[in-house]
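The block underneath contains the structure these notes are about, expressed in structure tokens.
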Amino acid sequence: MLKDRNSLYTEAQQLKKDTTDLGIEMRKIRKEYSDLKGEYNDLSNKSDSQMAQLNKDLKAKSNELELKENMLQEREQRLKEMEAIVSRQDSITKTLNKIVKDALLGFKADELSVEMKNGKVYVSMTDKLLFKSGSAAVEDKGKQAIKKLTEVLNKNNDIDIAIEGHTDNVPIKTNIYKDNWDLSVARATSIVRMLIEEYSVNPLRLTASGKGEYFPVATNDDLEGRVKNRRTEIILSPKLDELFKMLQRY
């Protein structure tokens with residue numbers, strides 16, 4: 001099971017907080033231990049029973065302190081490993097982002113864009129590049145872009161690929177597609193089938209989904225915004241198996 005970038009950072013931040021809280025608790029225990037030891041050293045006039053009880057309390061506090069110190073060391077090590085792996089993921093994603101941009105240099109800004117978000121690489125292709133209005137059949141120039149991208153993907157098998165179809169909010173109803181949601185799903189699955197059938201991408205790496213009009217990147221109140229919203233996003237996610245194997249050790 002993979003987690004998204006935000007959940008990883010949330011877990012890392014929580015681990016940092018837990019480690020800080022444990023450090024505060026340890027300082028409190030150390031003070032209590034020091035106070036008990038001071039009392040023990042002043043027992044010359046105390047009874048044997050008082051000395052025995054204080055000695056018992058001192059030993060218990062010493063054991064508690066040792067336990068907390070071990071816990072703190074373990075959490076600090078876990079945090080260090082997690083941060084190192086997340087850092088490596090950042091490096092991998094940045095490299096992937098550059099490779100994808102280089103592969104798609106021949107296409108215009110109003111046809112596609114490539115950017116990093118939340119530890120993933122987003123390739124956003126416009127309808128102008130991919131489809132005719134109301135169609136899920138990929139146009140020739142769109143096929144060229146997908147071919148270029150697939151050349152990168154087939155050299156990097158440790159990347160999961162999600163295809164998301166998006167539309168504007170102008171209603172559509174054809175003999176084939178009932179509404180925008182239906183069309184967005186068809187467009188995503190059309191690209192997935194192309195990746196599998198024409199370029200032999202492993203289906204286990206692929207996810208297709210349609211978002212309809214519900215995740216706009218611009219306003220739908222004008223033509224320019226609607227053009228931006230009619231898009232297909234190909235989301236590339238470096239696998240985080242190493243991180244989750246590490247987390248399962250604790």
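Lys and Arg at +1, Asp and Glu at -1: add these up for the other residues within a Cβ distance under 11 Å of residue 153 and post the number. Net local charge, residue 153 excluded: +1.
In order along region 84-100, phi translates into HN-Hα couplings of 5, 6, 4, 5, 5, 5, 4, 5, 4, 5, 4, 5, 4, 4, 5, 4, 5 Hz, rounded to whole numbers, per the Karplus curve 6.51 cos²θ - 1.76 cosθ + 1.60 with θ = phi - 60° and x for Gly and Pro.
Computed from the C-alpha gyration tensor, the three semi-axes of the ellipsoid equivalent to the chain are 60, 19, 14 Å, from longest to shortest.
The three principal axes of the C-alpha atoms in region 129-203 carry coordinate ranges of 40, 22, 19 Å, sorted with the longest axis first. Peptide packing for 23-32, 148-157 was compared via the average number of neighbouring C-beta atoms within 10 Å per residue; ordered from the highest value, the list is 148-157, 23-32.
Once the cut-off is 17 Å, how many percent of the Cα-Cα pairs in region 85-193 end up in the long-distance tail? Roughly 57 percent, rounded to a whole number. Taking the Cα centre of region 100-250 as origin and assigning +1 to Lys and Arg Cβ atoms and -1 to Asp and Glu Cβ atoms, the resulting dipole is close to 240 debye.
The numbers here are math on the coordinates, done by the rules we state, and not lab data. These numbers come from a predicted model, not from an experiment. All Cβ positions, glycine included, derive from the backbone under ideal geometry; neighbour counts span all protein chains shown.
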